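Contents: one structure, followed by commentary.
What follows is calculated from the coordinates using simple rules that are stated; it is not laboratory data. Quick caveat, the model's predicted, so the values are computed rather than measured. Reconstructed Cβ throughout: ideal geometry from the backbone, glycine too, with neighbour counts over all protein chains shown.
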Amino acid sequence: MTPSHKPIIILGIESSCDDTSASVCIDGQIVSNVIYSQKIHESFGGVVPELASRSHEQKIIPVVQKAIADAGIYKKNLSAIAFTRGPGLIGSLMVGVSFSKSLALALGIPLIEVNHMQAHVLSNLIEYPDIVYPFICLTVSGGHTQLVLVRSIFDMEVIGTTIDDAAGEAFDKSAKMLGLEYPGGPMIDKLAKDGDENRFQFAKPNMAGYNYSFSGLKTSILYYLQKKQKENPHFIAENIHDLCASIQKTIVDILLHKLEAAIVQYPVQTIAIAGGVSANSKFRMEISKFGEKHHLQVCIPSFQYCTDNAAMIAIVGYHKYLKKDFIGQDTEPLVKNYSI
Ligand code: KG4
Ligand code: ZN
């Protein structure tokens, strides 16, 4: 850094669903990433939008203060504020959008809008700044399953998506059928470690193209469990590890099957993963093997950048700042139809 260099310092804000997060990025390096994950939804078996927005309202100030303190900077040092504009829950988004607008106005600095799905894909830039384009990213979260062709940093196309449940929902709904708490994905991952993944076979969809479907799998698990529980009421408890491992394997197989087809039509040198489900240990292991088999560079983000986080918003904010891609104070949240 030359003595005259004024660092570009971006504050990122994420509040699209049930995580309140703030992060500071200095000259393209993430220096803090504070995430408050709301626990209040666990007893409801899913995110309750009204409760989520109230919790964001309570947490946003302390989370931002901690992100700024962890970064060792002051508010007055900020160059711009990047916020998640959507997609997401309206009440949750409004807390982050309104907060960002107010702070930017008070500090007299620019505002940068960020698309949450684009940010999941570009979260890979945090740890792989020299990623080779074009690459294909498999974004798998609780709300989305997208196969994205990334030609260059802001030129991306969704080549496949889910027509029903997202991969994370498939994990969460399967977990619910097994009597596990929400969100069940991490619990399935944990219990699967001691299970035989080839013990049970569940339905895999036969979809044309690159689209995904997980509803058939859900139904096949439900019918199988109902049948087995009639024969033995303790069936789930006695087989929980094997059930988790077999369900997890089926979901990961479905995800990788489409990726295998996509790399034939779209020859790339790099594949990446993103979103909450990319925290899954089986998925991470299989995607590494996939890369070795096909001689591809594989980008696997650290756990803190897989699930919802503001670091991915801050890094996108940094790259948009370089292009002077700012947005006015009349901006509003975009709940859906926010194409990447
Ligand atoms: O990206 P994310 O934090 O939020 C959304 O934008 O949806 O993803 C949350 C999803 C949940 O469905 C959760 O069960 C799943 O990611 N998830 C996992 C794991 N960790 C989180 N699924 C499987 N295995 C995991 N280890
Ligand atoms: Zn997300």
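For the range 95-111, just list the computed ³J(HN,Hα) in residue order, Karplus coefficients 6.51, -1.76 and 1.60, θ = phi - 60°, integers in Hz, with x standing in for Gly and Pro.
Along the range 95-111, the couplings run 5, x, 5, 5, 4, 4, 4, 5, 5, 5, 5, 5, 8, x, 10, x, 10 Hz.
Please state the shape class of the range 218-340: rounded when a/c is under 1.5, otherwise prolate if a/b exceeds b/c and oblate if not, all from the C-alpha gyration tensor.
Since a/c reaches 1.5 and a/b is larger than b/c, the shape of the range 218-340 is classed as prolate.
Which net charge results for the neighbourhood of Ala311, defined as the other residues with beta-carbon distances under 14 angstrom from its beta-carbon, given Lys and Arg at +1 and Asp and Glu at -1?
Charge balance in the 14 Å sphere: -4.
Share of antiparallel DSSP beta bridges in the chain, in percent to the nearest 5?
Taking every DSSP beta bridge with both residues in the chain, the antiparallel ones total about 60 percent.
Cα centroid distance between the range 215-255 and the range 268-340, in Å?
Taking the Cα centre of the range 268-340 as reference, the centre of the range 215-255 is 30 Å away.
Run the numbers on the range 258-307 and let me know its relative contact order in percent, using alpha-carbon pairs under 8 Å that are six or more apart.
Working: 41 pairs, mean separation 24.3, N = 50.
In percent, rounded to a whole number, it is 49.
Name the residue farthest towards the positive end of the dipole of the chain from the options Leu51, Gly143, Tyr212, assuming +1 on Cβ of Lys and Arg, -1 on Cβ of Asp and Glu, about the Cα centre.
Value computed over the given set: Leu51.
Treating cross-link reach as a plain straight distance, find the aspartates and glutamates whose alpha-carbon is under 20 Å from the alpha-carbon of Lys228, omitting any fewer than eight places away in the same chain.
Filter leaves Asp196, Glu197, Glu238, Asp242.
Report relative contact order for the chain in percent, whole number only (criteria: Cα-Cα under 8 Å, sequence separation at least 6).
25 percent
How many angstrom separate the Cα center of the range 196-210 from the Cα center of the range 66-136?
37 Å
Which is the longest run of the chain containing none of the trypsin sites (Lys or Arg not before Pro) found in DSSP loop states (not H, G, I, E, B) with at most 16 other C-beta atoms within 10 Å?
40-192
Tally Lys/Arg at +1 and Asp/Glu at -1 over every other residue whose Cβ is under 11 Å from the Cβ of Lys293; what's the total?
Summing Lys and Arg as +1 and Asp and Glu as -1 gives -2.
Quick one: of Lys39/Lys227; Lys282/Lys336; Lys173/Lys227; Lys6/Lys324, which pairs are farther than 25 Å apart, Cα to Cα?
Exceeds cut-off: Lys39/Lys227; Lys282/Lys336.
Answer rounded, prolate or oblate for the range 170-210, using the Cα gyration tensor with square roots of eigenvalues a ≥ b ≥ c: rounded when a/c is under 1.5, else prolate when a/b is larger than b/c, else oblate.
oblate
Mind checking which of Gly86, Gly72, Gly168 has the largest fluctuation in a GNM of the chain, springs on alpha carbons under 10 Å?
Looking only at Gly86, Gly72, Gly168, the largest GNM fluctuation is found for Gly72.
How would you classify the chain from its alpha-carbon gyration tensor, with a ≥ b ≥ c the square roots of the eigenvalues: rounded for a/c under 1.5, else prolate if a/b is greater than b/c, otherwise oblate?
prolate
Projecting each Cα onto the charge dipole of the chain (Lys/Arg +1, Asp/Glu -1 at the beta carbon, about the Cα centre), which of Ser4, Ile188, Ser123 comes out farthest on the positive side?
Ser4
Find out how many positive minus negative residues lie around Met117, taking Lys and Arg as positive, Asp and Glu as negative, among other residues whose Cβ is under 14 Å from that of Met117. Show your work: numbers first, answer last.
Numbers: positive: Arg85, Lys336; negative: Glu14, Glu113, Glu157, Asp308.
Once positives and negatives cancel, what remains is -2.
Is there a pair in Lys190/Lys218; Lys59/Lys204; Lys101/Lys258; Lys204/Lys289; Lys59/Lys218; Lys218/Lys289 whose C-alpha atoms are over 30 Å apart, and which pairs would that be?
Lys59/Lys204; Lys101/Lys258; Lys59/Lys218
In the Gaussian network model of the chain, springs joining C-alpha atoms below 10 Å, which of Ile73, Ile112, Ile35 carries the largest mean-square fluctuation?
Ile73
Name the residue, out of Asn211, Asn33, Asn239, whose mean-square fluctuation peaks in a Gaussian network model built on the chain with Cα pairs under 10 Å.
So, out of Asn211, Asn33, Asn239, the one fluctuating most is Asn239.
Between Phe44 and Phe154, what is the label-point separation in nm under the 7 Å Cα-to-beta-carbon projection?
Rounded to a tenth, the inter-label distance reads 3.6 nm.
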